[in-house]
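Data first, discussion second: the structure below is written as C-alpha cells.
Read the figures in this text as sums done on the coordinates, not as results from a lab. Everything numeric here is computed off the predicted structure, so don't read it as measured data. Glycine gets a Cβ as well: all are built from the backbone with ideal geometry, and neighbour counts include every protein chain shown.
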Amino acid sequence: MLTIAYIGNGKSTNRYHIPFSSQVQDIRIKTIYSRSQQSDWAQIEGVEYVHDIDRLWQDDAIDLVVLSTPPHTHYDLTKEALENGKHVLCEKPFTETADEARELFELAKAKGLHLQCYQNRRFDSDFLTVQQVIDSGRLGDILEVEMHFDYYRPEIPERIHDFDQMGSFLYSHACHTVDQVLSYFGDPDTIHYDVRQLLGKGRMNDYFDLDFYYPNNLKVSVKSSYFRLKERPSFIVYGTRGTFVKEKKDRQEEHLKMFYLPTQQDFGQDLPEHYGTLTYMDEAGVYHEEKVVSETGSYSRFYEVLYQTVVNGRDKLVKDQQTIRQIEILEEGIRKMKKY
C-alpha cells in the first residue's frame, strides 16, 4: 500500500488527481491539507482534512505528498516535504528555474527519497495515438510534427497587466507539450523560439511557437495561442509517405469538467467523429485514406507507474534530466521573448 496526502484542496487536486489515484487499488488517500477551511469540493469519506501542514510531516503513515498548489509554491513546499522525509509528486510547472530543479533532485537523492513531476499528459489519447501511427511505419520517415494547444480566451490575457514568468502561457502550457516532445523524440539538437506578448510589453505572455530540430531533417513544432477562435488540429504528422491529422484533443479534461469520471466505462474515449485521418502511399504505390481508432488515454496510468516506482523500485516514468531540460527550455523561451 502506498499512502499519500494532497497539499491543496482545489480544482487541481479534486479534478485532475483524485479521480485517477483513486483508480489504483494499492494507493490510499489518507489526508488532504489546505490552509483554508472553506472549499467548493465535497469532502471524501474516509479522508482526513487538516489545516496545519505539520500534521502531514508528523504522520509517519504518509509515504508521499502530492503538491497540487499554485506554481510559485512548488519549490518551497517540495523542499519542505523532502526535509521532512516524504516522497513528493509535484505538479507542473515544476519550478521556475532549472537550478531550483537540480537542487531539489539532489536533495531527494541525498535523503533517499522519490521526487517526480506530474506529467500526466504523457497519457493523452491524441499523443498516444500519434505515437502508434508513427511507430507503425506507414508514414515512412517522419519529417515534421506540429503540436497545437490553442484557446480562444482573450479575456484571460486582457485582464492581466503584469508579466509573471510562472504564470506565463509558456510555463503553464508548454510544460505539457514540451514534456511530450522530450519524452518521445528526445533532446533536440537546436531550438528556435518565438515567444510573444501580443498585447504589449509588460503584459502576459499569450503566444509561443517553438521549433525543435533533430537529426535526419526532423522538425517538431509546439504552437499555442490564446487568440485562436478556430483551433488548429491537435497534431499533424508529415512523413515521406503520408500524413496523419488528429483534430480532436484528448477528452479526459472535457469529461472531467462535466463531472463525468474515470469510473465510467467510456470515460475519455473518442467517438468515431474524433478519430484522426491517416493518408499514405504504401510500398506498392497504392493510395490509402483511413480513420485511425484512437488509443484510450488514462491519467490513472501515471499513478500506476508511480506506485511501482515508489513501492517496487521501478524506473521513474519522468526522468530527472527530462524535468530539468524542460525548465531550461522554458527559461530560455522567456529570455528570448519578443516584447512587442
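Take the chain, connect every pair of alpha-carbon atoms lying under 10 Å apart with a spring to form a Gaussian network, then pick out the residue of ALA81, ALA284, ALA108 with the largest mean-square fluctuation. Among ALA81, ALA284, ALA108, the largest mean-square fluctuation in the Gaussian network model of the chain belongs to ALA284.
For the chain, relative contact order (Cα pairs under 8 Å, six or more residues apart, normalised by length) works out to 20 percent. Classify segment 172-277 as rounded, prolate or oblate from the Cα gyration tensor: take a ≥ b ≥ c as the square roots of its eigenvalues, call it rounded if a/c is under 1.5, otherwise prolate when a/b beats b/c and oblate if not. Oblate.
Taking the charge dipole of segment 2-118 about its Cα centre, with +1 at Lys and Arg Cβ atoms and -1 at Asp and Glu Cβ atoms, the residue from HIS51, ALA81, SER68 reaching farthest to the positive side is SER68.
How much mean residue ellipticity at 222 nm does the chain get from its helices, if each DSSP H run of length 4 or more adds -39500 (n - 2.57) and you divide by all residues, to the nearest 500 deg cm²/dmol?
Working: 10 runs with 100 residues, N = 340.
Rounded to the nearest 500, it is -8500 deg cm²/dmol.
Under a Gaussian network description of the chain, with springs only between Cα atoms under 10 Å, the residue in ILE44, ILE329, ILE18 that fluctuates furthest is ILE44. In the chain, the sites counted are GluC sites (Glu not before Pro) in DSSP loop states with at most 12 other Cβ atoms within 10 Å, and the longest stretch holding none of them, exclusive of the sites, is 46-282. Let me know the shape class of the chain, please: from the alpha-carbon gyration tensor, a ≥ b ≥ c as square roots of the eigenvalues, rounded when a/c is under 1.5, otherwise prolate if a/b is greater than b/c, or oblate. It is prolate, given that a/c is not under 1.5 and a/b is the larger ratio.
Spatial offset of segment 314-340 relative to segment 179-202 amounts to 9 Å, using the alpha carbon center of each. Would you mind telling me which residue in VAL65, VAL195, VAL286 has the biggest mean-square fluctuation in a Gaussian network model of the chain, where springs connect alpha carbons within a distance under 10 angstrom? Among VAL65, VAL195, VAL286, the largest mean-square fluctuation in the Gaussian network model of the chain belongs to VAL286.
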